[in-house]
Amino acid sequence: MTCNTPHFNIDSLVRSLAVVAVGLPLTLSITNLTNTTSRVAELALEKNPTEVVLDDLRSELVKPCLDFYLSEVDSKLEREAKNTIDEVMGGEVNHKGICDFIVN
């Protein structure tokens, strides 16, 4: 008659516990490092509200400012560029000053 009781190999059990004891902290450390790295990357890509407003202004004003810089004085192109700049800014502004800021 054979005995159906489980036969535990102590060496195998000790090896398994050693693998878990070493592997679990290592796995948790790598997971934590990955999470930290991805969060740092997210923070690096986030823009503060000031940068968002300035980027929007620059995208709207680059062409009118180039038109302003490159047009003849008192020409139709200069007037249109000034009008566009005034519309975007919500009132009359120092055109040269705002364009110096936007283009540089």
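The values are calculated or read from the model by the stated rules, or taken from the named source; none is laboratory data. Worth saying up front: this structure is predicted, and the values here are computed from it rather than measured. Cβ sites come from the backbone with ideal geometry, for glycine too, and all protein chains shown count toward neighbours.
Here are the numbers for this structure:
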| item | result |
| --- | --- |
| Meets criteria (assigned to a helix (DSSP H, G or I) and of a type in the set (Gly, Ala, Ser)) for Gly23 | yes |
| Subset tally (residues that are modelled with pLDDT under 70 and loosely packed, with under 10 Cβ neighbours inside 10 Å) for region 1-50 | 8 |
| Of residues in region 94-104 being of a type in the set (Val, Ile, Thr) and modelled with pLDDT under 95, the one surrounded by the fewest Cβ atoms within 10 Å (Cβ to Cβ) | Val103 |
| Residues within region 55-82 that are closer than 20 Å to Val103 by Cα and either touching a Gly at 6+ places or on another chain (Cβ under 8 Å) or loosely packed, with under 14 Cβ neighbours inside 10 Å (or both), tallied | 11 |
| Residues located in region 67-104, provided they are part of a helix (DSSP H, G or I) and of a type in the set (Asp, Glu) | Asp67, Glu78, Glu80, Asp86, Glu87, Asp100 |
| Inter-residue pairs, beta-carbon under 9 Å, first on the phi < 0 side of the Ramachandran plot and free of Cβ contacts under 8 Å to residues at least 12 places away in the same chain and in region 43-69, second basic (Lys, Arg) and outside any helix (DSSP H, G or I), 6+ apart | Asp55/Lys47 |
